[in-house]
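**Q** Here it is, the structure, as structure tokens.
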Amino acid sequence: MAHDITKGSSGRPPVVVLERKEQAWAFMVDRFREISERAIGERGRFSAALSGGKTPEDLYLEMGRLLKDLEWKSIHIFLVDERLVPPGDDRSNYGMIKRTLLDMIPMPAVNVHAIATEGVDPPTSARKYEADLQGFFATGEGNIPELDMILLGMGEDGHTASLFPGLPDLAAENRLARGVEAGPGRIARVTLTLPVINCGRAVFFLVIGKAKAGIVKRVAEEREPGLPASLVQPGEGRLFFVCDGEAASMLDKDPGRSKTA
Ligand code: 6PG
């Protein structure tokens, strides 16, 4: 499989460019296998936070097909964010991840860390999710857990997870999860906070399609401040952008870019 990897020189995170989206799925399936096996070998368990949205649906189907043999009893799946709708609703991230991945793999139900969506307001649901994270990672108040892998998407407006442009205190947030109230055209949500995302051991943006080409350039290359996705800065060696050719089409073809087979 041929792909380009920019070196991530001059402070830029590396961008892995796969020509077709199917190659991006294969790349991410391999990363999930590799990172989970290493984490289980070193620490006895693997924790991953998965995003919703349209982009990763086919990836999760591929994971369900190709990763059945993983040690799922040692793998814990968290959600990057969730809309406060019942699990059967089309807009539920849990519902989508269950249909595409969880129903296809032998994972104990207790290893799935869903976000409460019924009979709760966003702040209460966020507190519950925070308590789940603290319990799992045995971290006290004020400590940030290190998820082994976080898979993020990106909106054309530069949002990621449910961290939208204009939300106050994104970087200064001292909680693990936050509620995002419903707004015009937006349903109430709960999301991991930026500090949790920035503590991830391996954080991937998966961005596919021509419509995202402009925002990929502004976030991955220009690191435009003010865009929530640009605030994802987990430290050297921990952040990767994975794009298809269309999403990467506006990136500089600079000399730092190297071909890997
Ligand atoms: C969600 C995600 C959100 C998503 C981006 C990209 O549940 O919608 O948390 O951050 O990753 O909006 O969405 P698409 O993949 O649908 O473009």
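The values are calculated or read from the model by the stated rules, or taken from the named source; none is laboratory data. All values derive from a computational prediction rather than experimental measurement. Note that each Cβ is placed from the backbone with ideal geometry, even for glycine, and that neighbours are counted across all protein chains shown.
**Q** Any residue that is within 16 Å of the ligand (Cβ to nearest atom) and either aromatic (Phe, Trp, Tyr) or more than 17 Å from the chain's Cα centre (by Cα) (or both) - is there at least one of those in segment 229-236?
**A** No.
**Q** Moving to a separate point now. Would you check if residue 196 is surrounded by 12 or more Cβ atoms within 10 Å (Cβ to Cβ) and either without any contact (Cβ under 8 Å) to a residue 12 or more places away in the chain or within 11 Å of the ligand (Cβ to nearest atom) (or both)?
**A** No.
**Q** List the pairs whose first member sits in segment 207-225 and is free of Cβ contacts under 8 Å to residues at least 40 places away in the same chain, whose second member is hydroxyl-bearing (Ser, Thr, Tyr), and whose Cβ atoms are under 6 Å apart, counting only residues at least 6 apart or on separate chains?
**A** Close Cβ pairs satisfying both conditions: 213/249.
**Q** Considering only residues that are part of a loop (DSSP other than H, G, I, E, B) and within 16 Å of the ligand (Cβ to nearest atom), look in segment 8-53 and name the one that is farthest from residue 78 (Cα to Cα).
**A** Pass one, segment 8-53, residues part of a loop (DSSP other than H, G, I, E, B): 8-14, 19-20, 44-45, 51-53.
Retained after the next criterion (residues that are within 16 Å of the ligand (Cβ to nearest atom)): 51-53.
Details: 51: 9, 52: 11, 53: 15 Å.
By that ranking, first place goes to 53.
**Q** So residue 140 passes all but one of these: (1) more than 15 Å from the ligand (Cβ to nearest atom); (2) free of Cβ contacts under 8 Å to residues at least 60 places away in the same chain; (3) closer than 20 Å to residue 35 by Cβ. Which condition number does it fail?
**A** It fails just one condition, (3).
**Q** Go through (1) more than 9 Å from the ligand (Cβ to nearest atom); (2) modelled with pLDDT of 95 or more; (3) of a type outside the set (Phe, Trp, Tyr); (4) more than 11 Å from the chain's Cα centre (by Cα) and name the single condition residue 181 misses.
**A** Of (1) more than 9 Å from the ligand (Cβ to nearest atom); (2) modelled with pLDDT of 95 or more; (3) of a type outside the set (Phe, Trp, Tyr); (4) more than 11 Å from the chain's Cα centre (by Cα), only one is false for residue 181: (2).
**Q** For segment 9-19, what are the residues that are closer than 16 Å to residue 216 by Cβ and out of contact with any His (no Cβ under 9 Å at 6 or more places or on another chain)?
**A** Selection gives 12, 13, 14, 15.
**Q** Same structure again: Scan 155, 200, 179 and give me the residue that is assigned to a loop (DSSP other than H, G, I, E, B) and more than 18 Å from residue 48 (Cβ to Cβ).
**A** 155
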